[in-house]
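Engineer: The structure's right below; bear with me while I get my questions together.
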Ligand SMILES: Cc1cc2nc3c(=O)[nH]c(=O)nc-3n(C[C@H](O)[C@H](O)[C@H](O)COP(=O)(O)OP(=O)(O)OC[C@H]3O[C@@H](n4cnc5c(N)ncnc54)[C@H](O)[C@@H]3O)c2cc1C
């Protein structure tokens, strides 16, 4: 295959304890560490491995986000992507709009495969992969934990509630990466230097013809209800007593 | 009035309990008529179960050989056809629903609300973001069909006792041949199902090996509980992937959750926030799991589990 396109979203780092703004308008992101969505890192790693096996020619990283998302794309380039595209917008796009933007890039680049993370750890929506596959009218394989390319098709193992499901899809297709697909590589310093010279194209959202207008109106963002304070027991006997009192054993 | 279409999840024989929870969510929408759609090779048995759910107005069935396995690319165009005339399309936020509904929403050209956890109004739902650390209330436009997946842990299963009529419908939708089912390795066990169990015994990295993890399985068996695991335990191969609890595993709401040697990372906690009682056993008194535990015991799990087994046998 010639090309693999990978989605790379800039998100609040997974180690950050996210706080809700007091006025309920969203979460605090000023001065907060931002990273590549961990699932997108897995998606990218998989694309790189497919390329390194000689089964793909080029890996292109695409991000839809603010100008600063160039940092995450540079990380993707340092990991090994050949080039990157940023579709720039300061609006927060819903997954449907993000899928439409990706479709615009797909129509320009004609990849044989698109891999994205199964969800982004900010909105946790898990919609982009199936939405892109629907708009593109191509197969989808969500929650992938194993991918085997066989010429014009692929055999994919998916993590489903019952266990593992295997499906076969014709390419081109859209895959979404689950945690156990692989373990992403660490970026080394020389790779970061090399990444600075790789091409990173920036285009405005307007150039894709996609509207950023949200379809859903966010009314309020609030912290979750705190759990009431618990007790500490000193041994198993006390634990069993406490459970008996609650009628749980 | 709202007309809600709930897409049934099943394995060909049994209706998944997540669908009954989804029906409960639908019942909270004011003034709603609820239709459950069963797409299957032979929908009769599943349709009969759906018809018994309290609050269901009607069950529609689509029998077709290509519906033998739940492939989103095959089901989505059929669901789009079925959705005509409905105000809402809902499915449980399980691997099934998460795979299918965004494809349906995109074909309909509407946004989706993922993981609806509370109904505020007919078109206004709450959902968790940032691993459950920020709850967002979203309002969808009333002039479009609202597509949403429903967070099972937030709703009790709808009780039985109903007797809705079942109606077979034929759908003319071209289904693609580009996606083919090969196999599923369903781990068959007599243990209660993790997603719906009243009690769950869960183990983390501290178990240290697959052999040691047997301690968790044994205690669970004694207690009639399901088994869960942290990501670290699954990644290390101590427990199979379908037992992972958390942001990227199963979100559960048992009466009792017993966590052994689990530190309590936010990604894990988001999966157990709705448990009624959380018990944590960890030898580190500073472990974050104690911040959410109703009952905490600072101790070595390798001593606690055998003692607990003995105490419970009495
Ligand atoms: C994108 C992303 C998604 C994730 N999704 C999930 C998810 O869905 N579910 C999930 O669980 N994790 C998830 N994680 C991982 C999560 O961040 C933690 O790494 C993981 O939950 C840790 O597992 P653990 O608590 O078993 O291990 P550790 O954090 O290593 O904790 C082990 C605990 O055992 C205690 N211990 C050690 N020995 C004993 C003993 N003998 N007796 C008693 N206690 C002992 C230690 O004090 C420690 O607290 C995710 C991470 C990322 C980045």
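Please treat every number below as a calculation from the coordinates, not as lab data. It should be emphasised that the depicted structure is a prediction, and the values quoted were computed from it without experimental measurement. Using ideal geometry, Cβ is built from the backbone for each residue, glycine included, and neighbour counts are taken over all protein chains shown.
Engineer: Mind giving me the nanometre distance, one decimal, between the label points for residue B:189 and residue B:300, set 7 Å out from Cα along Cα→Cβ?
Structural biologist: Reported label-point gap for residue B:189 and residue B:300 is 2.6 nm.
Engineer: Then there's this: If r is the Cβ-Cβ distance from residue A:13 to residue B:68 and R0 is 41 Å, what FRET efficiency results, to the nearest 0.05?
Structural biologist: Details: r = 43 Å, r/R0 = 1.05.
Rounded to the nearest 0.05, the efficiency is 0.45.
Engineer: Suppose we keep just the DSSP beta bridges with both residues in the stretch B:1-157; what percent of those would be antiparallel, to 5? Before the final figure, lay out each step's value.
Structural biologist: Details: 10 of 34 bridges.
For the stretch B:1-157, the DSSP antiparallel bridge percentage is about 30.
Engineer: Looking at chain B, what % of its DSSP beta bridges pair antiparallel, to the nearest 5?
Structural biologist: Values: 10 of 57 bridges.
The antiparallel proportion sits near 20 percent.
Engineer: For the protein assembly as shown, build the convex hull from the C-alpha positions and give me its volume per residue in Å³.
Structural biologist: Numbers: hull volume 85.9 nm³, N = 563.
Spelled out: Cα convex hull of the protein assembly as shown, divided by residues, is 153 Å³.
Engineer: If you don't mind, another one. Tally the DSSP beta bridges in the protein assembly as shown and give the antiparallel ones as a percent, rounded to 5. Could you put the intermediate results ahead of the total?
Structural biologist: Details: 40 of 117 bridges.
Of those bridges, close to 35 percent are antiparallel.
Engineer: In percent, what relative contact order does the stretch B:20-94 have, based on Cα pairs under 8 Å that are 6 or more apart in sequence? Walk me through the intermediate numbers first.
Structural biologist: Working: 80 pairs, mean separation 23.6, N = 75.
Result for the stretch B:20-94 is 31 percent.
Engineer: Pop out the Kirkwood hydrodynamic radius of chain B from its pairwise C-alpha distances, inverse of mean 1/r, in Å to one decimal.
Structural biologist: Values: mean 1/r = 0.0486 Å⁻¹.
The Cα-based Kirkwood calculation yields 20.6 Å.
Engineer: While we're looking at this one, here's another question. When the helices in chain A are scored as -39500 (n - 2.57) per DSSP H run of 4 or longer and the sum is shared across all residues, what 222 nm value do you end up with, to the nearest 500 deg cm²/dmol?
Structural biologist: Details: 6 runs with 67 residues, N = 249.
Computed mean residue ellipticity for chain A: -8000 deg cm²/dmol.
Engineer: Give the calculated FRET efficiency between residue B:198 and residue B:284 to the nearest 0.05, with a Förster radius of 22 Å applied to their Cβ-Cβ distance. Spell out each step's value before the answer.
Structural biologist: Numbers: r = 28 Å, r/R0 = 1.29.
Efficiency, from the Cβ-Cβ distance: 0.20.
Engineer: Okay, next question. Using only Cα atoms, tell me the angle between helix B:301-313 and the longest principal axis of chain B; keep it within 0 to 90° and round to the nearest 10.
Structural biologist: For B:301-313 against chain B, the angle is about 80 degrees.
Engineer: Let me ask you something else. At residue B:44 and residue B:214, where each label point lies 7 Å from the Cα along Cα→Cβ, what is the point-to-point distance in nanometres?
Structural biologist: Once both label points are built, they end up 4.5 nm from each other.
Engineer: With N set to the number of residues, divide the alpha-carbon radius of gyration of chain A by 2.2 N^0.38 Å and report two decimals. List each step's numbers first, then the result.
Structural biologist: Working: Rg = 20.9 Å, N = 249, 2.2 N^0.38 = 17.9 Å.
After normalising by residue count via 2.2 N^0.38 Å, the value is 1.17.
Engineer: Taking a spot 7 Å from the Cα of residue A:82 along the direction of its beta carbon, which residues of the stretch A:1-16 have an amide N less than 19 Å from it?
Structural biologist: So the set is A:1-8.
Engineer: Moving on to the next point. Would you mind calculating the relative contact order of chain A from Cα pairs under 8 angstrom and at least 6 residues apart, reporting the percent as a whole number?
Structural biologist: Details: 490 pairs, mean separation 58.2, N = 249.
Relative CO of chain A lands at 23 percent.
Engineer: Over the stretch B:199-313, calculate the relative contact order: mean separation of alpha carbon pairs under 8 Å at least 6 apart, over the residue count, as a percent. Display every interim value, and only then the final one.
Structural biologist: Values: 235 pairs, mean separation 26.2, N = 115.
About 23 percent, as a whole number.
Engineer: With angles folded into 0 to 90 degrees, how steeply does helix B:72-82 sit against the dominant principal axis of chain B? Use alpha carbons for both and round to 10.
Structural biologist: 50 degrees
Engineer: In the stretch A:1-134, if every C-alpha pair distance is counted and binned at 10 Å from zero, what percent goes to each bin?
Structural biologist: Histogramming the stretch A:1-134 at 10 Å steps yields 13, 44, 32, 9, 2, 0 percent.
Engineer: In cubic angstrom, how much convex hull volume per residue do the alpha carbon atoms of the stretch B:44-85 span? Before the final figure, lay out the partial values.
Structural biologist: Values: hull volume 3.6 nm³, N = 42.
Cα-based convex hull of the stretch B:44-85, divided per residue, equals 87 Å³.
Engineer: So what's the angle, to the nearest 10 degrees on a 0 to 90 scale, between helix A:95-109 and the longest Cα principal axis of chain A?
Structural biologist: On a 0 to 90 degree scale, this one is about 20.
Engineer: Per DSSP H run of n ≥ 4, the term is -39500 (n - 2.57); total these for chain B, divide by its residue number, and report the mean residue ellipticity at 222 nm rounded to 500 deg cm²/dmol. Mind dumping the intermediate values first?
Structural biologist: Details: 8 runs with 80 residues, N = 314.
Calculated mean residue ellipticity at 222 nm is -7500 deg cm²/dmol.
Engineer: Next question. What does the stretch B:91-176 give for Rg and for Dmax, in Å, if only its C-alpha atoms count?
Structural biologist: Using the Cα atoms of the stretch B:91-176, the pair Rg, Dmax is 15.1, 44 Å.
Engineer: Which FRET efficiency, nearest 0.05, do residue B:173 and residue A:222 yield, Cβ-Cβ r, R0 41 Å?
Structural biologist: Details: r = 41 Å, r/R0 = 0.99.
The value I calculate is 0.50.
Engineer: I would also like to ask the following. Given the stretch B:2-168, what whole percent of its Cα pairs are spread farther than 22 Å? Before the final figure, lay out each step's value.
Structural biologist: Numbers: 4774 of 13861 pairs.
Cα-Cα pairs in the stretch B:2-168 separated by more than 22 Å: 34 percent.
Engineer: Over all pairs of distinct alpha carbons, what does the Kirkwood formula give as the hydrodynamic radius of the stretch B:211-295, in Å?
Structural biologist: Details: mean 1/r = 0.0779 Å⁻¹.
Taking every pair of different Cα atoms in the stretch B:211-295, averaging 1/r and inverting gives 12.8 Å.
Engineer: Please compute, over every Cα-Cα pair in the stretch B:144-284, the percentage with a separation greater than 24 angstrom.
Structural biologist: Working: 4206 of 9870 pairs.
The proportion of pairs with Cα distances above 24 Å equals 43 percent.
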